[in-house]
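Visitor: The structure under discussion is supplied below as structure tokens; questions concerning it will follow.
Derivation of every value follows stated rules applied to the coordinates shown; laboratory data play no part. What you are looking at is a predicted structure, and each value in this text was computed from that prediction instead of being measured. Neighbour counts are summed over all protein chains in view; Cβ atoms, including those assigned to glycine, are modelled from backbone coordinates with ideal geometry.
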Amino acid sequence: MSTTWHVLGAGSLGTLWATRLARAGMPVKLILRDAARLQAYETAGALTLVEHGAAHQYAVPAETPDAHQPINRLLVACKAYDAQKAVAQLLPRLAPGAEIILLQNGLGSQDAVAALAPQARCIYASSTEGAFRDGDWRVVFAGHGFTWLGDAGHPVAPVWLDDLSAAGIPHEWSTNILTRLWRKLALNCAINPLTVLHDCRNGGLQAHRCEVATLCGELAELLERCGQPAAAENLTQEVERVIQATAANYSSMHQDVASQRRTEISYLLGYACKVAARHQVNLPHLNQLQQRLISHLHSLGLPSD
Ligand code: NAP
């Protein structure tokens, strides 16, 4: 019997992973927030994944964090700001040699989880797949993409990558996952906050090229100083390319703000500014951007952490 995939959080990415693994015959167990969410799920009876316009249901079994079955493999699919607290509740259930796969965007939450669970192997992921919830327990697979997984402390790939292949989850083992996460964070810092402050689609930043280029210069300096020179290479050109290629899209941060949802700012721009301060790198435009964004979030009554 293969190892059960415990999936913590049945939101967009959690559902996307749980349904594809279950469809391929892998044992999957959802871990939901509490008894009320479990009851709501059991009333619905299944997760729904909408793919290419067709909806399919998957009756993946679920439990609350205080269930007793030991956890050998945990896929953490909540937001970065929830990850540490959510995993802390499960510590007593982690089996010796357990593996934790972290799907969170940005940086900071992964290290916090790894520090909580030093006995577990923590694998960090960076994904370009896109999904959103269009109802409770119902997720639309909106953007086919790719997921890189890696372990900064241990380069050998785990055997369960075969499960991902069987489930049709496009992926690759990466020996430089931190570089990938830093690069994605830098792209996010150069684009997302400005789309919120200028209230525009990504393409709207074509009218603010100087501001974007100045931020890219500071972000590249930060990446060099914190030992990630590869993530700094041609950053401005890539940011411009992404702005052009995704011109019609609203950034994830813009979508969060427009829907009055908490953003992951502390794990994106906030993390970059915190690391800059730790390395004593002076990045005036990035710091000013953070202050403007925080003020803007406050003015909308949204949390700024
Ligand atoms: P989401 O749709 O908001 O889902 C998060 C889920 O976590 C929710 O279902 C929430 O439960 C659950 N949760 C939170 N705390 C929990 C706890 N203590 N116990 C159990 N469940 C808990 O978020 P998402 O869009 O999937 O994003 C997850 C991460 O992936 C983020 O860091 C995001 O940036 C990253 N990411 C997302 C995408 C995407 O396309 N969505 C793409 C790339 C990366 P409730 O339902 O009860 O609130």
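Visitor: Somewhere in the stretch 50-60, is a residue in contact with a strand residue (DSSP E or B) (Cβ under 8 Å, 6 or more places away or on another chain), acidic (Asp, Glu), away from the ligand (no atom under 13 Å from the Cβ) and farther than 17 Å from Asp163 by Cβ?
Guide: yes
Visitor: For the stretch 1-53, enumerate the residues that are charged (D, E, K, R) and over 17 Å from His144 (Cβ atoms).
Guide: Passing the criteria: Lys29, Arg33, Asp34, Arg37, Glu42.
Visitor: Select, from Val257, Val239, the only residue that is more than 18 Å from the chain's Cα centre (by Cα) and either surrounded by 13 or more Cβ atoms within 10 Å (Cβ to Cβ) or more than 14 Å from the ligand (Cβ to nearest atom) (or both).
Guide: Being more than 18 Å from the chain's Cα centre (by Cα) and either surrounded by 13 or more Cβ atoms within 10 Å (Cβ to Cβ) or more than 14 Å from the ligand (Cβ to nearest atom) (or both) holds for just one of Val257, Val239, which is Val239.
Visitor: Picking from Gly97, Gly143, Gly135, Gly153, which residue would you name as being surrounded by fewer than 17 Cβ atoms within 10 Å (Cβ to Cβ) and within 9 Å of the ligand (Cβ to nearest atom)?
Guide: Residue meeting the stated conditions: Gly143.
Visitor: Kindly indicate which of Ala35, Ala40, Ala44, Ala24 is over 20 Å from Val76 (Cβ atoms), of a type outside the set (Phe, Trp, Tyr) and within 9 Å of the ligand (Cβ to nearest atom).
Guide: None of the others qualify; the one that does is Ala40.
Visitor: Within the stretch 33-51, track down each residue that is in a helix (DSSP H, G or I) and either of a type outside the set (Phe, Trp, Tyr) or surrounded by fewer than 13 Cβ atoms within 10 Å (Cβ to Cβ) (or both).
Guide: Scanning the stretch 33-51 gives Ala35, Ala36, Arg37, Leu38, Gln39, Ala40, Glu42, Thr43, Ala44.
Visitor: May I pose another question? Could you please give the count of residues in the stretch 66-119 that are of a type outside the set (Phe, Trp, Tyr) and assigned to a helix (DSSP H, G or I)?
Guide: 19
Condition check ((1) buried (at least 22 other Cβ atoms within 10 Å of the Cβ); (2) assigned to a helix (DSSP H, G or I)) across all residues:
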{"residue": "Lys184", "(1), (2)": "no, yes"}
{"residue": "Ala190", "(1), (2)": "yes, yes"}
{"residue": "Leu205", "(1), (2)": "yes, yes"}
{"residue": "Glu211", "(1), (2)": "no, yes"}
{"residue": "Glu224", "(1), (2)": "no, yes"}
{"residue": "Asn249", "(1), (2)": "no, no"}
{"residue": "Ala272", "(1), (2)": "yes, yes"}
{"residue": "Gln288", "(1), (2)": "no, yes"}
